[in-house]
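What follows is one structure encoded as structure tokens, with my remarks underneath.
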Amino acid sequence: MSFRYEIRLSGSGGQGLILVGKVLAEAAAIYEGLNATQSQSYGPEARGGASRSEVIISDGDIDYPKAENIDILLALTQEACDKYIADLNENGTLIVDSQLVTHVPEGNFRVIQIPIIQSASERLGKFIVANIIALGIIVKISNIVSLESVQHAIKARVPKGTEEINLKALAEGINLAEEWLNKNS
């Protein structure tokens, strides 16, 4: 029996979610030898408008590349949470920025609330790496790809000269997820 794992990264344009989707798909396909697809959608406003990136990872063929039964939904805005929560499967995980998503819907899914953007600013001094912090949280929570594969994909995908801060952001996301798991397990 093959597995299919669906992740939707949602928020607003300019938050770097499409880059995170590409990194995650590359980690799975190139460094883990799995099958992966990545798709993206963003509003005409680009920065500030709605943005979404989807990654499907499977050890078998991916016959339909759109996420419909999401295992992990990352919502960095209230609008994204409200818009996409219906696609999260009942055993899925909702990861939200606790500062920006203040109304968390009820459901049988696990909810992880972490101040992602605030952590990027306070712990690393750059809110722009919040996307990679979110990636670290996803990597730790899902265990769908290894840390090493994601580190390789980050080095290959992020703009030259930003590798170090992005690797620190990844580690910070993993630390935040570990802190959450220790408090809530």
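Summary table
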read-out	value
Inter-label distance for Ala156 and Gln78, nm, one decimal - labels placed 7 Å from Cα along Cα-to-Cβ	4.0
Charge context of Asn184, other residues only, Cβ under 14 angstrom, K/R +1, D/E -1	+1
Mean Cβ neighbour count within 10 Å, used as a protection proxy, ranking 155-163, 138-146 highest first	138-146, 155-163
Backbone N within the stretch 47-79 under 19 Å of label point (7 Å from Ser146 Cα along the Cβ vector)	57-60
GNM top mover of Ile57, Ile128, Ile137 - the chain, alpha-carbon springs below 10 Å	Ile128
Segment Asn175-Glu90, extension gain: residue separation times 0.36 nm, minus the distance between their alpha carbons	28.0 nm
Net charge of neighbours whose Cβ lies under 11 Å from the Cβ of Gly92, counting Lys and Arg as +1 and Asp and Glu as -1	-2
Helix-only CD estimate at 222 nm, as mean residue ellipticity for the chain, using -39500 (n - 2.57) per DSSP H run (n ≥ 4)	-12000 deg cm²/dmol
Most mobile listed residue (Gly21, Gly11, Gly125) in the chain, GNM with C-alpha springs under 10 Å	Gly125
Formal net charge of residues neighbouring Ala171 (Cβ-Cβ distance under 12 Å; K, R +1; D, E -1)	0
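Values in this text are rule-based calculations from the coordinates and carry no lab data. The shown structure was predicted, so the numbers you read here are calculated from the model rather than taken from an experiment. As a convention, Cβ positions derive from the backbone with ideal geometry for all residues, glycine included, and neighbour counts pool all protein chains shown.
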